[in-house]
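The values are calculated or read from the model by the stated rules, or taken from the named source; none is laboratory data. Predicted model only: the values in this text are computed from it and were never measured. Cβ placement follows ideal geometry from the backbone for every residue including glycine, while neighbour counts extend to all protein chains displayed. Only protein heavy atoms, including side chains, enter the accessible area calculation; ligands, DNA and RNA are left aside. Shrake-Rupley method; radii C 1.70, N 1.55, O 1.52, S 1.80 Å.
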Amino acid sequence: MRPILLSGHERALTQVKYNPDGDLIFSVSKDHVVCAWFSHNGERFGTYHGHQGALWTVDVDPHSKLLATGGADNTMRLWEVDTGKLLKTWEFGSSIKRVEFSPDGTQLLGVTEKRAGHLSTIVVYEINPDPAAEQTSEQSLRIVCDESKATVAGFSYLARYIIAGHEDGSVSQYDAKDGELIYNVRAHDADLQVTDLQWAPDRTYCITSSKDKTAKIIDAGTLEVLKTYVTDTPLNSAAITPIKDYVILGGGQAAMDVTTTSARQGKFEARFYHKIFQEEIGRVRGHFGPLNYVAVHPQGTGYCSGGEDGYVRVHHFDKAYFDFLYEVEREQAQANL
Amino acid sequence: QDLAKKNTANRQVVEQRRRLLQEWLGWRESMIEMLKEEGAEIELNGGKIRSEDDEGAEEIE
């Protein structure tokens, strides 16, 4: 099936997200607008207006009722998915780089940027899942990342831990109840920032991507690096596919770092690796610039990528994708019959 | 002789993959056990919250 091109944004995409049913895709861009799209045909479902700056991040709650966004206007906002109504605005002293709901949707975290006079923090709010309810202005938790600023963060299984990636390439585990730092591990190369952190469906492990050109699978409980995927380009994003044991990586040199030669070679491809064997198994071309984010359909039937080129490309996996098995996987499948 | 060498190399690659697969499946099994002990309903349902009209769904707080 040909990919669907979503061309409603005027500037670079920064994050794309499926809702839990996978019928909607939410996208945010430097153009200040939040868009929602039908994933099966690419028609626009709606837009969410109000932010006054570039948007960095978006997440949808597990009931597909609430949408959280954050951006360069120093606000984190909560919207009603169906009506586009702005429900709540939380203001900060610096940009919001990442938002994420807890697995049950009752908590929302935000990562704030470090700026003169402002420390990098991870803040948590209790969320009432009812769109008609009043939302709190009180933070239930505030973690200060003074060692190295946090770039990404999310909730583990049972919202037990908050796992964060940092500018210095390290990954931290915090107790999500009291904010205490439990572990910090040097998961990626020093001073090459962690650019993305996405979860396995059961949140017992996550994948991180980095400017160090690798992605890693990390055990959420122990922070042990379980798998490493080595590429030849700085990575902006990494996602884990359900059903098949693959991971999808996206990145590419930023325009200002690209020499004419490497631009021609083009590294603006989504790369598929086998999750367990850590070998590259395929690439998908299409974008004219770096891939800033890749997201996988929650049922594992497709993926979408948001590019520096301003487009979202939506792909539905074909039969060959599902049929592909390594010999040892086939053996294993037969042994289980 | 070249063929024999190649076969040995291939066999080693396959052995390595078999080992990685078993190791991964073993770890996954232990994680699922852990989630069951914790009563992690949403996590065991692939991250999806069971809706109210799902039959036989039980809420664990």
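A:Ser7: net charge of surrounding residues, Cβ under 13 Å, Lys/Arg +1, Asp/Glu -1, itself excluded?
Details: positive: A:Arg11, A:Arg44, A:Arg313; negative: A:Glu10, A:Asp31, A:Glu43, A:Asp309.
Within the 13 Å Cβ shell, the charges total -1.
Say R0 is 41 Å: what FRET efficiency, to the nearest 0.05, do A:Ser137 and A:His316 get from their beta-carbon distance? Intermediate values should be presented prior to the final figure.
Details: r = 42 Å, r/R0 = 1.02.
Using R0 = 41 Å, I get an efficiency of 0.45.
Quote to one decimal, in nm, the extra length available between A:Glu126 and A:Val185 on full extension: 0.36 nm per residue of separation minus the C-alpha distance between them. If you can, show how the numbers build up before the last one.
On the way: separation 59, 0.36 × 59 = 21.24 nm, distance 2.83 nm.
Between A:Glu126 and A:Val185, full extension yields an extra 18.4 nm.
Report, in whole Å, the centroid distance computed from the Cα atoms of region A:50-119 and region A:225-252.
25 Å
Where the accessible area of the protein assembly as shown is counted over protein heavy atoms with a 1.4 Å probe, how much of it, in %, is carbon and sulfur?
That share works out to 47 percent.
When only alpha-carbon atoms count, how far does region A:270-326 stretch along each of its three principal axes, as whole angstroms with the largest first?
Projected onto its principal axes, the Cα set of region A:270-326 covers 36, 22, 17 Å.
Full extension from A:Asp232 to A:His40: what is 0.36 nm times the residue separation minus their Cα-Cα distance, to one decimal in nm? Display every interim value, and only then the final one.
Numbers: separation 192, 0.36 × 192 = 69.12 nm, distance 3.23 nm.
Gain in length upon complete extension: 65.9 nm.
I need the peptides A:170-176, A:226-232 ranked by packing, meaning the mean over residues of other C-beta atoms within 10 angstrom, with the highest value on top. Please list the in-between numbers first.
Details: A:170-176: 21.9, A:226-232: 15.9.
Highest to lowest by the protection proxy: A:170-176, A:226-232.
Pairs A:Lys65/B:Lys48; A:Lys244/A:Lys319; A:Lys149/A:Lys227; A:Lys149/A:Lys275; A:Lys88/B:Lys48: which exceed 20 Å Cα-Cα?
Numbers: A:Lys65/B:Lys48 14 Å; A:Lys244/A:Lys319 12 Å; A:Lys149/A:Lys227 24 Å; A:Lys149/A:Lys275 29 Å; A:Lys88/B:Lys48 25 Å.
Pairs exceeding the cut-off: A:Lys149/A:Lys227; A:Lys149/A:Lys275; A:Lys88/B:Lys48.
Please provide three numbers in whole Å: the alpha-carbon extents of the protein assembly as shown along the principal axes, with the largest listed first.
Projected onto its principal axes, the Cα set of the protein assembly as shown covers 74, 56, 44 Å.
Could you work out the relative contact order of chain A, using alpha carbon pairs under 8 angstrom and six or more residues apart, expressed as a whole percent? Walk me through the numbers before you get to the answer.
Numbers: 970 pairs, mean separation 44.1, N = 337.
The normalised contact order for chain A reaches 13 percent.
Mean separation of Cα pairs under 8 Å and 6+ residues apart, divided by the residue count of region A:95-137: what relative contact order is that in percent? If you can, show how the numbers build up before the last one.
Details: 68 pairs, mean separation 12.7, N = 43.
Over region A:95-137, the number comes to 30 percent.
Please list B:31-38, A:19-26 highest first by mean number of surrounding beta-carbon atoms within 10 Å per residue. Write down the numbers at each step before the final one.
Values: B:31-38: 14.0, A:19-26: 19.2.
My ranking of the peptides, most packed first, is A:19-26, B:31-38.
Roll a 1.4 Å probe over the protein chains and send me the accessible area per residue for the protein assembly as shown in Å².
Details: 18260 Å² over 398 residues.
With all protein chains present, the protein assembly as shown gives 46 Å² per residue.
Which number comes out as Rg/Rh for region A:120-231 once both Rg and the Kirkwood Rh are worked out on C-alpha atoms?
Values: Rg = 14.5 Å, Rh = 14.4 Å.
On the Cα set of region A:120-231, Rg over Rh gives 1.01.
Roughly how many nanometres apart are two label points built 7 Å out from the Cα toward the Cβ at A:Asp21 and B:Arg18?
Taking the two extended label points, one gets 4.6 nm.
Rounded to the nearest 20 Debye, what is the dipole magnitude of the protein assembly as shown about its Cα centre when Lys and Arg each give +1 and Asp and Glu each give -1 at the C-beta?
On the way: 43 positive and 61 negative charges, 379 e Å.
Result for the protein assembly as shown is approximately 1820 debye, rounded to the nearest 20.
If you count, for every residue in A:59-68, the Cβ atoms of partner chains within 10 Å of its Cβ, what is the mean? The partial results should precede the final answer.
Values: counts 0, 0, 1, 4, 2, 0, 0, 0, 0, 0.
Mean shielding count: 1.
At a probe of 1.4 Å, how much accessible area disappears from chains B and A on forming the pair, both sides counted, to the nearest 100 Å²? Intermediate values should be presented prior to the final figure.
Numbers: alone 5960 and 14540 Å², together 18260 Å².
Accessible area lost upon association: around 2200 Å².
Averaged across the residues of A:319-332, what count of C-beta atoms belonging to other chains lies within 10 Å of each residue's C-beta? Working shown, then result.
On the way: counts 0, 0, 0, 0, 0, 0, 0, 5, 5, 10, 3, 0, 4, 4.
Rounded to a whole number, the mean comes out at 2.
Summarise the partner chain shielding of B:20-32 as one whole number: the mean count of Cβ atoms from other chains within 10 Å of each residue's Cβ.
Details: counts 7, 8, 3, 2, 7, 2, 0, 5, 6, 0, 1, 8, 2.
Across the residues of B:20-32, the mean count of other-chain Cβ atoms within 10 Å is 4.
Obtain the nm distance between the two label points defined at A:Glu147 and A:Thr106 by a simple spin-label model: each point lies 7 Å from its Cα along the Cα-to-C-beta direction.
3.0 nm
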